[in-house]
Amino acid sequence: MQQLQYTDKAWKIYMHAEEFDRMQCQLVLAFGPPSIITDTAVFNYLERSYPEAHIILTSASGEIILPDLYLSSVVVTAFQFDKTIIHCAETNISKHTTSYDAGHCLMQQLQQSDLYTSYIMADSTGVNGSELLAGFNKLNTQAIPVTGGLTGTRCNFSKAFVGLNQAPANGAIVAIGFYGNQLLLNPGSFVGWNEYGPVQTITAFKEM
């Protein structure tokens with residue numbers, strides 16, 4: 001893993017594993033306030049830094065680099081897996097009649113026999129988390145663990161944003177699929193879906 005923070009228009013590396021190779025990175029997660037995370041300069045930097053990765057950007061109500069909480073920065077965590085394959089799916093709530101339909105659409109895109117677990121990020125201002133999860137699980141015949149959350153708006157913002165491999169937009173929903181059987185899931189590490197959807201346990205993971 002590698003972890004960065006963007007603040008005052010400058011990037012700082014907080015953590016860099018010795019084995020990490022940014023050219024082999026498959027997944028990048030970036031969280032920040034709507035006013036900063038939607039800045040195209042943020043996405044452009046990440047795209048240049050991790051050219052082979054799926055890059056997911058979401059608005060947040062606070063950014064964490066343990067043990068500290070920040071309110072005006074972007075926190076980025078980049079992952080390099082040795083064996084696990086990453087595929088992502090996306091849609092926009094505006095394309096669907098219900099959040100249930102949107103969840104169904106995402107799982108259709110991800111569904112493969114070796115799908116091991118999935119992580120979903122959705123716009124909290126237009127998506128019902130419970131319905132989204134129900135639609136996703138309609139095709140989840142293998143009962144894989146599904147985790148994720150709804151984006152933050154920092155209370156005084158009327159819109160929330162999610163983006164996959166582009167600057168984030170209003171109404172977007174992204175699902176990350178982890179494929180293979182080399183992940184070790186550790187239950188109880190985080191708390192999932194906020195007040196807009198069901199509370200559940202999110203799993204942290206590492207490769208075996």
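Nearest 0.05, what FRET efficiency do Ile144 and Asp101 give at R0 = 25 Å with Cβ-Cβ as r? Spell out each step's value before the answer.
Working: r = 20 Å, r/R0 = 0.81.
Given R0 = 25 Å and the Cβ-Cβ separation, E is 0.80.
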(request) Report the relative contact order of the stretch 78-152, percent, no decimals, based on alpha-carbon pairs under 8 angstrom and at least 6 residues apart. (result) 36
(request) Round to the nearest 0.05 the FRET efficiency obtained for Lys83 and Thr7 when R0 = 35 Å and r is the Cβ-Cβ distance. (result) 0.55
(request) Looking at the stretch 1-65, send over the antiparallel percent of its DSSP beta bridges, to the nearest 5. (result) 50
(request) Please identify the helices of the chain, taking whole runs of DSSP H, that span at least 24 Å along their own axis as judged from the Cα atoms and have a mean Kyte-Doolittle score of 1.6 or higher. (result) none
(request) Rounding to the nearest 20 debye, state how big the charge dipole of the stretch 89-178 is about its Cα centre with +1 on each Lys and Arg Cβ and -1 on each Asp and Glu Cβ. (result) 180
(message) With a 1.4 Å probe and all protein chains left in place, how much accessible area per residue does the stretch 17-155 have, in Å²?
(response) 46
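Roughly to the nearest percent, how much of the accessible area of the stretch 1-78 is carbon and sulfur, given a 1.4 Å probe? All intermediate terms of the calculation are to be shown ahead of the outcome.
Values: 2120 of 3990 Å².
That share works out to 53 percent.
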(message) Compute for the stretch 2-106: radius of gyration divided by Kirkwood radius, i.e. Rg/Rh, restricted to C-alpha atoms, rounded to two decimals.
(response) 1.01
(message) Please list, by residue number, every one of the trypsin sites (Lys or Arg not before Pro) in the stretch 68-149 that is coil in DSSP and has at most 14 other beta-carbon atoms within 10 Å.
(response) Lys83, Lys138
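Beyond 26 Å, what share of the Cα-Cα pairs of the chain is found? Please give it as a whole percent.
In whole percent, the long-distance tail amounts to 29.
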(request) Compare Leu185, Leu150, Leu110 in a GNM of the chain, Cα atoms joined below 10 Å, and give the one with the largest fluctuation. (result) Leu185
(message) With a cut-off of 8 Å between alpha carbons and a minimum separation of six or more residues, what is the relative contact order of the chain in percent?
(response) 23
(request) Just reorder Thr58, Thr98, Thr125 by solvent-accessible area, largest first, 1.4 Å probe, all chains present. (result) Thr125, Thr98, Thr58
(message) I'd like to know which of Val75, Thr117, His96 lies farthest towards the positive end of the charge dipole of the stretch 48-124, counting +1 on Cβ of Lys and Arg and -1 on Cβ of Asp and Glu.
(response) His96
(request) Report the antiparallel proportion of the DSSP beta bridges in the chain as a percent, rounded to a multiple of 5. (result) 80
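The values are calculated or read from the model by the stated rules, or taken from the named source; none is laboratory data. Everything numeric here is computed off the predicted structure, so don't read it as measured data. When we count neighbours, we look across all protein chains shown, and the Cβ atoms used for this are built from the backbone with ideal geometry, even at glycine. In case anyone asks, the SASA skips ligands and DNA or RNA and just uses the protein heavy atoms, side chains included. Shrake-Rupley method; radii C 1.70, N 1.55, O 1.52, S 1.80 Å.
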